[in-house]
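All remarks here apply to the structure that follows.
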Amino acid sequence: MVKFFRHIISLIIGYFTIGSNLIKKPVTVFYPEKKKEHKNLRGKISFAEGECKCIACGICKSVCPSKGTIKITTKEDEGSKKVLDELSIDLSQCIQCGNCAENCPTKTLIMTNDYEYSSTDKIDLIIRLRR
Amino acid sequence: MNYFNISYFPDYVYIPLYYLIGFIVVAVLMLFVVLFLVLLERKLLGFFTVRVGPNRVGFHGALQTVADAIKLLFKEDIIPLKADKLLFTLSPILVFAPIMTVWAYIPFNGFFAVQNSVVGSLIFLSLLSFPILGILFAGISSANKYSLLGSLRACAQTLCYELPIFISLLSVVILSGSLDLNDIVSAQSINNNCFGWFIIPSLLGFITFYISSVAMMNRVPFDFPEAESEFVGGYHTEYSGMKFAMFFLAEYASMFILCAFMATIFLGGFLSPFGKYISDFLPLSDLIKTPLIFIEQFFWLILKTMVLVVAVIWTRATLPRLRIDRSLEFFWKLILPLSILNIFIVCLIKLFMGAR
Ligand code: SF4
Ligand code: SF4
């Protein structure tokens, strides 16, 4: 009998806990109109502004967990030194882990806050850096 | 009712016309109520869980359910290959038709109920136990294990909630001495205020009736016939388009009408809680007052119903789903004895207090 009343009391408490939510402010963020910005957000990968500093070391390629996302081709410049010809990143395969940006010694690769890119053509999702 | 009896037409025109008008009133009312209820439920559930609910279509999401209804209308109607086509098509109608019919028996105000009957309350509850047939057929004909399990659960549940519901109704019948819903309401007007309502002598009956009718509406915490997290959608897993919409409509329509029924038999129906109607105090001539009282009585009934509906939604936001065996145990071992105990209490009250 005591148990029974304890159940009823806990039931009433439950009702009031839920009911008290009515006067709280909703925690919803109205997404397309308002966006939550975060400084550590891992969004679309991109190249740093300004002159291309990439040394074609290939670290980004080796740390990328999604194999085949980053492709690097090299060429030889006047002093027969190996330099970057083209670095392409296939965003449709990128999982936005941020490894490449973290490990890039020249900070060529950066992560942006843009997390809602899309395209109707897969070709558009390949970004290229040329020297 | 009496208003329509002054017939200028011969019988063969008058009777079909009367029922046609009744049908249209009920159908339109039902459509609006269901559209409103779905919106109300989604909004309230949103608020209860510290969200905002639908807010895109129309003003604060006011047109959301209209948009949903249009979407359902244009959806493809799929019948599974192995389904029994006749039963599959028949079952939404079997669920929907009785629930729509019972709307005719509620006295919405002192002058208008589409159908008066000496055994109104009995017919009401009997018709409401029909949909279980449709649910069973839906489960059998879908050729789907989830549907079958859902409908079997629904049947097991029906056995356990029907008994307390009728016994609780019996307490009201003992108090009022009549099965006619109009008489039940007028029997509650004796004290001329809310102390005459049957919820006071028969509080226990109200509680058991309420819990049983939550089970009758197939709602949380007794919603295992259609438990989404356990078996997809229960008996309506295979349904789409208009047929699904009929199940959906039936669920919300039965929720409203059962609450209206509870308001009628326990909370004084269309009576004002203060005994006198507000319209009575207005300095108006009788000619305007009479229709005003119509509207006010309707308003009181809807208000009481809405309080009960909100309580149902609140329950949905609070409680988790019970396990099927626990729920059957709950009904057989607790609710049924309580409702029988209630009969004793009510009989004693009737005996010692006389003409209550
Ligand atoms: S973010 Fe991760 S997955 Fe995307 S390119 Fe860089 S290392 Fe590869
Ligand atoms: S982008 Fe950075 S890590 Fe990748 S090859 Fe160029 S310098 Fe090396």
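The values are calculated or read from the model by the stated rules, or taken from the named source; none is laboratory data. In this text the structure is predicted, and so the values were computed from the model without any measurement. As a convention, Cβ positions derive from the backbone with ideal geometry for all residues, glycine included, and neighbour counts pool all protein chains shown. For accessibility, only protein heavy atoms count, side chains too; no ligands or nucleic acids. Shrake-Rupley method; radii C 1.70, N 1.55, O 1.52, S 1.80 Å.
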Filter result (over 23 Å from residue A:95 (Cβ atoms) and either open to solvent by 60 Å² or more (accessible area, probe 1.4 Å) or near ligand 1 (Cβ under 10 Å from one of its atoms) (or both)) within segment A:46-63: A:49, A:50, A:51, A:53, A:55
Scope segment B:29-61; condition open to solvent by less than 40 Å² (accessible area, probe 1.4 Å), closer than 17 Å to residue B:318 by Cβ, assigned to a helix (DSSP H, G or I) and not small (Gly, Ala, Ser); matching residues: B:40, B:41, B:43, B:44, B:45, B:48
Filtered residues of segment B:290-321 (kept if under 20 Å from the mean Cα position of the chain (by Cα), open to solvent by less than 50 Å² (accessible area, probe 1.4 Å) and more than 17 Å from residue B:253 (Cα to Cα)): B:297, B:300, B:315, B:317
Matching entry among A:42, A:6 (being within 16 Å of ligand 1 (Cβ to nearest atom) and either among the charged types (D, E, K, R) or open to solvent by 60 Å² or more (accessible area, probe 1.4 Å) (or both)): A:42
Where residue B:241 falls short, out of the listed (1) open to solvent by less than 20 Å² (accessible area, probe 1.4 Å); (2) over 30 Å from residue B:87 (Cα atoms); (3) not hydroxyl-bearing (Ser, Thr, Tyr): (2)
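Every residue, every condition in (1) touching a strand residue (DSSP E or B) at 6+ places or on another chain (Cβ under 9 Å); (2) at pLDDT 85 or above; (3) of a type in the set (A, V, I, L, M, F, W, C); (4) more than 21 Å from residue B:27 (Cα to Cα), yes or no:
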| residue | (1), (2), (3), (4) |
| --- | --- |
| B:261 | no, yes, yes, no |
| B:265 | no, yes, yes, yes |
| B:297 | yes, yes, no, no |
| B:311 | no, yes, yes, yes |
Scope segment A:35-58; condition over 19 Å from the mean Cα position of the chain (by Cα), within 11 Å of ligand 2 (Cβ to nearest atom) and either within 14 Å of another protein chain (Cβ to nearest Cβ) or not basic (Lys, Arg) (or both); matching residues: A:52, A:54, A:55, A:56, A:57, A:58
The one condition in (1) under 22 Å from the mean Cα position of the chain (by Cα); (2) open to solvent by less than 100 Å² (accessible area, probe 1.4 Å); (3) away from chain B (no Cβ under 14 Å) that residue A:32 fails to fulfil: (3)
Test: residue in segment B:265-282 that is assigned to a helix (DSSP H, G or I), within 28 Å of residue B:210 (Cβ to Cβ) and under 25 Å from the mean Cα position of the chain (by Cα): yes
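Condition check ((1) among the aromatic types (Phe, Trp, Tyr); (2) within 12 Å of ligand 1 (Cβ to nearest atom); (3) surrounded by fewer than 17 Cβ atoms within 10 Å (Cβ to Cβ); (4) more than 26 Å from residue A:118 (Cα to Cα)) across all residues:
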site: A:65; (1), (2), (3), (4): no, yes, yes, no
site: A:68; (1), (2), (3), (4): no, yes, yes, no
site: A:75; (1), (2), (3), (4): no, no, yes, yes
site: A:79; (1), (2), (3), (4): no, no, yes, yes
site: A:84; (1), (2), (3), (4): no, no, no, yes
site: A:87; (1), (2), (3), (4): no, yes, no, no
site: A:97; (1), (2), (3), (4): no, yes, yes, no
site: A:102; (1), (2), (3), (4): no, yes, yes, no
site: A:105; (1), (2), (3), (4): no, no, yes, yes
